[in-house]
Amino acid sequence: MNGVQGKDVLQKTPGWQTTPTTSRRPLLRRLLWGALAVALLGTLAWVIFRPQSAQQAHGGRFGAGGPMPVGAVTAEKGDIGITLNALGTVTPLATVTVKTQIAGQLTEVAFKEGQTVKAGDFLAQIDPRPYQLAEAQYSGQLQKDQALLKDAELDLARYRTLLSQDSIARQTVDAQEALVQQDRGTVATDQAQVNNARLNQVYCHIVAPVGGRVGLRQVDPGNYVQTSDTNGIVVITQLQPITVLFTLPEDNLPAVMKRLHEGATLPVTAFDRAQTAQLAAGRLVTVDNQIDTTTGTVKLRAQFDNRDESLFPNQFVNTRLLVDTLKGATVIPTAAVQRGAPGTFVYVVKDDNTVTVHPVKLGPAEGERVAVLSGVEVGEKVVVDGADKLREGAPVTLPTAAAKTPDANGAAAGSGSGAASDRPKKGDGQEDGQHRHRKDQ
């Protein structure tokens, strides 16, 4: 009885009913924490190992210490121009401010702004009437004085006849000769005044003194112009041909003068500010007669035909003077030249597809090519791409060559797609085919 009652009491006790539930909850909790830990470990492993797999997929065997793919170019024999670069200013051969040579009212302007004119073309007209009247006045005075001169000369002839007959005093003849000379001087003065009035009428018709491009008009018709006007009527600038003034260091002067003394024509090329577009091609025409002591430079002038008017006065350009040409030089791309502890050097690809460092002595450069005076022979391959990760003796692969290096299995692996890589090799296609045949069996 007591045992039954005790059992009933235990069944009614809350602790007796919750014991199985309490035992299952820690198990579920442990399972949840375990699953969470597995997920965290999987995520961590994915983060750690996935970049390495991607690196191996992109880097190939180089990621594990294999050959480095590089770009290489074969050194060739060629000609390199010895050029001197300088900053120049476009300077016209002639810049003329057209001014009036007489005072008067401007009645006509015959040019258009920006027009190209030739020497002698009509530009403007000044009222010529005052000078026409002056010419008429001086012409009348000239005729009067010419009549007086003729009368004095006739009297002189009579006096000389009378003097020969001893009928007149010598003094009278001398006085008449002086009067004739005076009248001749008066006539000459009158003639000069007439000529001056005619010249002023010519000055009223203003023409272009030189050929070139007409600038902006400085005065409008109807204005009274004078010789003291500083702006003038218009400015004419000669554009064809045109010159460029540039300076070179005095150390380069001997080479230039040597070529000029040999009678050589030195080409000069003008480029824009960025040195990307060629504007014009010309030649060197003269060198200044002294060196600027403050800068240690000398001025040179180059002339260009400028038929397309690509050069404009006061324009800044980059000039390239070709002094001489180095023929038969060993030429490599400038991208192959490296600079570091050995000095100036290049990476040369050997026959076993490894690189070696060759210190080089560079010569003149032209564009993206440079001459090598020593350190590289014609036919050697120099690295032009990927050299920043190389070192002495590093293995490389050439994308365009069938360079082969032994892999871990001893098989030859080609990096190119040429005919050599297409031929079956021992341990390559034949063994793979036999292996697949045995597997199928």
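The values are calculated or read from the model by the stated rules, or taken from the named source; none is laboratory data. Predicted model, so just to flag it, every value in this text is computed and none were measured. Virtual Cβ from ideal backbone geometry, glycine too; neighbours counted across all protein chains shown.
Just one of (1) at pLDDT 50 or above; (2) loosely packed, with under 11 Cβ neighbours inside 10 Å; (3) over 30 Å from Gly81 (Cα atoms) trips up Gly340, so point out which.
Every condition holds for Gly340 apart from (3).
Cβ-Cβ under 9 Å, sequence separation 6+ or interchain: first residue in segment 372-385 and at positive phi, partner among the hydrophobic types (A, V, I, L, M, F, W, C). Which pairs?
Between residues of segment 372-385 that are at positive phi and residues that are among the hydrophobic types (A, V, I, L, M, F, W, C), the close pairs are Gly375/Phe345; Gly375/Val346; Gly375/Val348; Gly375/Val360; Gly375/Leu362; Gly379/Ala75.
Checking the structure you have, find out if any residue of segment 137-144 is surrounded by 16 or more Cβ atoms within 10 Å (Cβ to Cβ) and part of a loop (DSSP other than H, G, I, E, B).
No, because not a single residue in segment 137-144 is surrounded by 16 or more Cβ atoms within 10 Å (Cβ to Cβ) and part of a loop (DSSP other than H, G, I, E, B).
Name the one entry in Val235, Val268, Val298 that is more than 14 Å from Leu84 (Cα to Cα) and at pLDDT 95 or above.
Unique residue meeting the criteria: Val235.
Right, Thr107: outside the structural domain of Phe312 (by TED's automatic domain parsing), more than 35 Å from the chain's Cα centre (by Cα) and not in a loop (DSSP other than H, G, I, E, B) or not?
yes
Answer yes if at least one residue in segment 77-98 is among the charged types (D, E, K, R), closer than 30 Å to Val317 by Cα and within 45 Å of the chain's Cα centre (by Cα), and no otherwise.
Within segment 77-98, one or more residues are among the charged types (D, E, K, R), closer than 30 Å to Val317 by Cα and within 45 Å of the chain's Cα centre (by Cα).
Of all residues being part of a strand (DSSP E or B) and more than 16 Å from the chain's Cα centre (by Cα) in segment 244-262, which is surrounded by the fewest Cβ atoms within 10 Å (Cβ to Cβ)? Just the residue, please.
Taking the candidates together, the pick is Pro249.
Assuming Asn306 fulfils every condition listed in (1) crowded, with 18+ Cβ neighbours inside 10 Å; (2) in a strand (DSSP E or B); (3) at positive phi apart from one, which condition is it?
The number of the failed condition is (2).
Is there any pair with a first residue in segment 191-203 that is at positive phi and a second that is outside any helix (DSSP H, G or I) whose Cβ atoms are under 6 Å apart and which are 6 or more apart or on different chains, and what are they?
none
I'd like to check something: does segment 318-331 contain any residue that is at pLDDT below 95, in a strand (DSSP E or B), hydroxyl-bearing (Ser, Thr, Tyr) and surrounded by 17 or more Cβ atoms within 10 Å (Cβ to Cβ)?
yes
So which residues in segment 344-385 are among the small types (Gly, Ala, Ser) and buried (at least 16 other Cβ atoms within 10 Å of the Cβ)?
Gly363, Ala365, Ala371, Gly375, listed by residue number.
Hey, could you check segment 145-154 for residues that are among the charged types (D, E, K, R) and touching a residue at least 24 places away in the same chain (Cβ under 8 Å) and say which is surrounded by the fewest Cβ atoms within 10 Å (Cβ to Cβ)?
Glu153
Name the single residue, out of those in segment 264-287 being within 12 Å of Gly88 (Cβ to Cβ) and in a strand (DSSP E or B), that is nearest to the chain's Cα centre (by Cα).
Phe271
State whether one or more residues within segment 119-134 are under 32 Å from the mean Cα position of the chain (by Cα) and surrounded by 15 or more Cβ atoms within 10 Å (Cβ to Cβ).
Checked segment 119-134: no residue is under 32 Å from the mean Cα position of the chain (by Cα) and surrounded by 15 or more Cβ atoms within 10 Å (Cβ to Cβ).
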